[in-house]
Amino acid sequence: MRMRSKPLHPWPLRVMHWINALAMLLMIGSGWKIYNDEVLFGWLHFPDWITIGGEAQGALQWHFFAMWVLMLNGLAYLAYGFATGRFRRKFLPIRVTEFVADVRDALALRLSHADITHYNAVQKLLYTGIILVIVVQVLSGWAIWKPVQLSELVTLFGGFQGGRLVHFLGMAAIVGFLVVHVALALIVPKTIGAMITGGPKVDPPIDPDGQAPVIANSPTAP
């Protein structure tokens with residue numbers, strides 16, 4: 001018995017995506033205000049008009065609020081991705097040869113964006129990498145928030161200032177990812193629509209041995 005096709009992006013994924021986007025923007029904007037209160041680099045200050053929270057105390061409250069939203073939503077996203085096998089299907093495998101070829105095509109403006117149901121090697125690496133960056137970002141954030149209670153974690157980052165530096169670099173990586181992500185979405189507008197409506201219908205995934213999934217209560221079910 002053939003299973004019905006489903007949207008490319010199921011509704012739980014779409015909800016978590018937009019919650020994550022909002023929480024990330026709140027964290028970045030409030031984080032810039034917190035950074036301005038005690039800068040790491042004397043030459044770098046973020047203009048107030050792109051920060052969130054007003055005074056430093058208000059920025060901290062926004063930052064902590066967004067942190068909890070991001071953590072809870074992130075855990076739900078990870079659980080969903082692993083439980084449904086979406087991570088394995090969408091992000092793996094990542095092959096060096098395919099990555100190099102896709103980078104060459106992108107630089108030559110030949111990289112195809114016609115099929116939004118398929119992630120190329122560059123997208124796979126970016127999405128996998130940003131998940132790891134966010135995990136490190138959360139850990140470094142906890143380290144500089146509770147340096148005494150989490151002294152072992154602080155040590156892993158080379159001390160309090162090391163934790164701040166890792167947190168700052170993680171923020172820079174996330175901002176860079178968002179710039180690329182938004183730019184690609186504007187180049188291929190249908191990806192934005194897909195993350196709102198669910199996108200095109202796709203066939204259900206097949207299991208690793210290449211057979212169609214077995215439906216419970218069907219004549220072929222074990």
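The values are calculated or read from the model by the stated rules, or taken from the named source; none is laboratory data. Keep in mind it's a predicted model, so treat the numbers as computed, not measured. Backbone-built Cβ (ideal geometry, glycine too); neighbour counts: all protein chains shown.
Taken together, Val148, Val179, Val166 contain a single residue that is more than 30 Å from Lys6 (Cβ to Cβ), in a helix (DSSP H, G or I), out of contact with any Ser or Thr (no Cβ under 6 Å at 6 or more places or on another chain) and β-branched (Val, Ile, Thr), which is Val179.
Take Leu60 and decide whether it is over 15 Å from the mean Cα position of the chain (by Cα) and either surrounded by 17 or more Cβ atoms within 10 Å (Cβ to Cβ) or not in a helix (DSSP H, G or I) (or both). Here the answer is yes, as Leu60 does meet what is asked. Out of everything in segment 9-39 that is in a helix (DSSP H, G or I), closer than 25 Å to Phe87 by Cβ and of a type outside the set (A, V, I, L, M, F, W, C), what residue ends up being farthest from the chain's Cα centre (by Cα)? Result: Pro12. Whether a residue is at pLDDT 90 or above and closer than 20 Å to Leu13 by Cβ was assessed, and Ile134 passes this test.
Look at (1) hydroxyl-bearing (Ser, Thr, Tyr); (2) part of a helix (DSSP H, G or I); (3) farther than 30 Å from Trp68 by Cβ and you find that Thr117 fails only one, number (2).
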